[in-house]
Amino acid sequence: MKVLIIDDEEHILQTMSMAFQRLGHQTVTLTQPLKAVPTAKREKPDAVLLDIMMPGADGFATFHSLSEVPELAGVPIIILTALDDDLTARISREIGAELILHKPFNPLEVARRVVDIYEARKKADD
């Protein structure tokens, strides 16, 4: 499984990458959300972890752009956010986020949840 992780915080990219690698999965990391679509088209990830609050970019707009990429049809997009309010949760559900995870979080637990989502979808498709 390959996961695209988009976050402006380098330590989150590193810890999440290590967690997925520990479980035997690949990661592609990105600090610039404006490169999300071309990177996703090139890398063809099986799941996307997306931070909502990033300098110079709206995570919800990035989510929308990613969800319009035909190559990503059916790929779960999971939101990582420091925002813990009803509005963020409501918008995340409305736009179709697979899961909303709040910072701080346990990287290995997040990785396991993403792998579970991927495997459940894979089973459903078989």
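Miscellaneous remarks
- Gyration tensor verdict on segment 69-124 (Cα atoms; rounded if a/c is under 1.5, prolate if a/b is larger than b/c, oblate otherwise): oblate
- Ellipticity at 222 nm from helices only: DSSP H runs of n ≥ 4 in the chain, each -39500 (n - 2.57), divided by the residue count, give -14500 deg cm²/dmol.
- Nonlocal amide H pairs with Val3, under 5 Å, H built at 1.01 Å: Gln26, Thr27, Val28, Asp46
- Summed side-chain charge close to Glu71 - residues other than Glu71 whose Cβ falls under 11 Å, Lys, Arg +1, Asp, Glu -1: +1
- Take every pair of alpha-carbon atoms less than 8 Å apart whose residues are at least six positions apart; their mean separation over the length of segment 15-111 yields a relative contact order of 29 percent.
- Neighbourhood charge, 13 Å Cβ-Cβ cut-off, centred on Ala57 and excluding it, Lys, Arg +1 and Asp, Glu -1: -3
- With a threshold of 19 Å on the Cα-Cα distance, the over-threshold entries among Lys35/Lys122; Lys41/Lys123; Lys2/Lys41; Lys35/Lys103; Lys44/Lys103; Lys44/Lys122 are Lys35/Lys122; Lys41/Lys123; Lys35/Lys103; Lys44/Lys103.
- Evaluating 6.51 cos²θ - 1.76 cosθ + 1.60 at θ = phi - 60° for every residue in segment 30-47, the Karplus couplings come out as 8, 9, 10, x, 5, 9, 4, 5, x, 5, 5, 4, 6, 8, 6, x, 8, 7 Hz, glycine and proline recorded as x.
Computed from the coordinates by the stated procedures, all read-outs in this text should not be read as laboratory data. This structure is a prediction, so every number in the text was calculated from the model and none was measured. Every residue, glycine among them, receives a Cβ derived from its backbone with ideal geometry; neighbour counts consider all protein chains shown.
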